[in-house]
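Participant: Structure incoming, see below.
Coordinate-derived values only; no laboratory data. Because the structure is a prediction, the values reported are computed rather than measured. In this analysis, Cβ positions are derived from the backbone assuming ideal geometry, glycine residues included, and neighbour counts consider all displayed protein chains.
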Amino acid sequence: MIDRPLVAFLDVNETLSDLDSLTPAFEAAGLNAADVYPWYLAVLRDGFAATVLGDCPRFADLGAQVAAARIRAVAEGLSDDEIATAAADLMSGFLRAQPHPDVVSGLVALADAGVRVVTLSNGSAAVARALFESTAAATVVEEYLSVDDAGAWKPSPVAYRHGLGWAGIDAADGLMVAVHPWDLEGARRVGLRTAWINRHGAVYPAGFTTPDIEATSFDDLARILTDGPTPQV
């Protein structure tokens, strides 16, 4: 039996949002579907480096910079201003990202089981909020937290403690949910329990501690937690 957490903190980009749904925005900027994941990984790389150096850049700013570099590499005859505009338009496409098919029903099931649902993203709260507009999950997400207010990107301990402070709970009563092992390892090191959403049958990195829960989807996660005892407040 697995004790249900009081609060589930949810990573957003790639965990809740389907990055493949960004393809139209990339194509409108002159890129293609194959550019989406390399771009995303480059943004994470730069964000992690900035965090180690003591900075906390906005995801949208880094994203636009990386996008501009990729557009410049394939563009012919575009001015710097045109490239910057295309990159900015690409980032606005984040507001049209779509959740994975398992997310909305899974979050509703978590809330129905008495688990508070909160997002904790390296991106903006506005992007996370837009993900659930006009869906059943809009009424069950209690708050949209961003590292913009924490002062450091995940997996810095500062980011997770920001979430815990907002929720007013001890780390042991919280659960970090993500598709990224690095995110879960950061959460574990501040005392949070961890749940890995493994949609594609990946192998968890041997250098990190095995997560408390492995689920194939948010629906699966809700089922696992619903089978556990009711949390004590």
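Participant: What net charge do the residues around LEU110 carry, taking every other residue with its C-beta under 12 Å from that of LEU110, with Lys and Arg at +1 and Asp and Glu at -1? Each step should come with its number before you reach the end.
Facilitator: Numbers: positive: ARG4, ARG116, ARG223; negative: ASP102, ASP112, GLU142, ASP219, ASP220.
Net of charged neighbours comes to -2.
Participant: A follow-up question, please. Pull out the extension gain between TYR204 and ALA34, defined as 0.36 nm times the separation in residues minus the alpha carbon to alpha carbon distance; nm, one decimal.
Facilitator: 58.8 nm
Participant: Over segment 19-96, what relative contact order in percent results from Cα pairs under 8 Å that are six or more residues apart?
Facilitator: Computed over segment 19-96, the figure is 37 percent.
Participant: Using the Kirkwood radius over Cα pairs, work out the Stokes-Einstein diffusion coefficient for segment 10-68 at 20 °C and 1.002 mPa s, in µm²/s as a whole number.
Facilitator: Answer from the Stokes-Einstein relation: 176 µm²/s.
Participant: Using 5 Å bins from zero, what percent of all Cα-Cα pairs in segment 13-125 falls into each bin?
Facilitator: 2, 11, 19, 21, 16, 13, 9, 5, 2, 1, 0, 0
Participant: For a footprinting-style exposure proxy, rank GLU143, GLU76 by other Cβ within 10 Å, fewest first.
Facilitator: GLU76, GLU143
Participant: Quote the FRET efficiency, to the nearest 0.05, computed for GLU27 versus ARG129 with a Förster distance R0 of 22 Å and r equal to the Cβ-Cβ distance.
Facilitator: Approximately 0.30, to the nearest 0.05.
Participant: Okay, moving on. Write down the percent of antiparallel bridges among all DSSP beta bridges whose residues are both part of the chain, to the nearest 5.
Facilitator: Here the share of antiparallel DSSP bridges comes out near 10 percent.
Participant: Separate question: Assuming R0 = 22 Å, what is the FRET efficiency of ASP61 and ALA138, from their Cβ-Cβ distance, to the nearest 0.05?
Facilitator: It comes to 0.25.
Participant: Would you mind counting up the charge near PHE26? Only other residues with Cβ under 13 Å from its Cβ, with Lys and Arg at +1 and Asp and Glu at -1.
Facilitator: -2
Participant: Can you compute the helix-only [θ] at 222 nm over the chain? Use -39500 (n - 2.57) per DSSP H run of at least 4 residues, normalise by all residues, nearest 500 deg cm²/dmol.
Facilitator: Counting only the DSSP helices, I get -12500 deg cm²/dmol.
Participant: Return the distance in nm (one decimal) between the two label points of a simple spin-label model at GLU82 and ARG223, each offset 7 Å from Cα along Cα→Cβ.
Facilitator: 5.2
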